[in-house]
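Values in this text are rule-based calculations from the coordinates and carry no lab data. Values in this document were obtained by computation on a predicted structure and should not be read as measured data. Here Cβ is always computed from backbone atoms with ideal geometry, including for glycine, and neighbour counts include all displayed protein chains.
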Amino acid sequence: QVQLVESGGGSVQAGGSLRLSCAASGFTVRSYCMGWFRQAPGKEREEVSVMDSRGFTRYAGSVRGRFTISKDNTKNFLYLQMNSLKPEDTAMYYCATKGFCNLPFVGNFGYWGQGTQVTVSS
């Protein structure tokens, strides 16, 4: 019943901004551990940001200060605001969730969206 649907990806020039959205169903984002991950061609999937079940967050060093993860508990959406985008941010971005986590202990995310492509040109 858990479903995640990402949107908001696209093509943007370096220095620009995008806001990714993840529409969640089958659970409430308020109580679930949520994360954004990305995978670029030829690279392993990497964690971008996680918000735990309490609302605490962490960010990959490469995006810290530029990206912001947030939840809209009313709409049951997860967001990733991406500012000052760089070409190296180009990747497929995925929304993911699991039942519960308490940072820094996260474990594996068992549910994934289909991904949304972000392309940043120089």
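Some notes on this structure:
- Projected-area mean, the chain, by convex hull of Cα positions, square nanometres: 6.8
- Measuring between their Cα centroids, region 7-29 and region 65-122 lie 8 Å from each other.
- Only lysines eight or more places from LYS71 in sequence, or on another chain, were considered; those with a Cα closer than 20 Å are LYS98.
- Cα-centred dipole magnitude for the chain, charges only on beta-carbon of K, R (+1) and D, E (-1), debye, nearest 20: 240
- Residues in region 35-45 carry Karplus couplings, in order, of x, 10, 10, 9, 9, 9, x, x, 10, 6, 5 Hz; the curve used is 6.51 cos²θ - 1.76 cosθ + 1.60 with θ = phi - 60°, and Gly or Pro positions show x.
- Sequence-distant aspartates and glutamates (8 or more away, or on other chains) whose Cα lies within less than 18 Å of LYS43: GLU88, ASP89
- Overall Cα dimensions of region 69-122 - principal axes, largest extent first, Å: 38, 26, 23
- Inter-label distance for VAL106 and SER25, nm, one decimal - labels placed 7 Å from Cα along Cα-to-Cβ: 2.7
- 3J(HN,Hα) from dihedral phi, region 86-103, Karplus parametrisation 6.51/-1.76/1.60, rounded to Hz, x for glycine, proline: 10, x, 5, 7, 4, 4, 8, 9, 10, 8, 9, 8, 8, x, 7, 8, 9, 3
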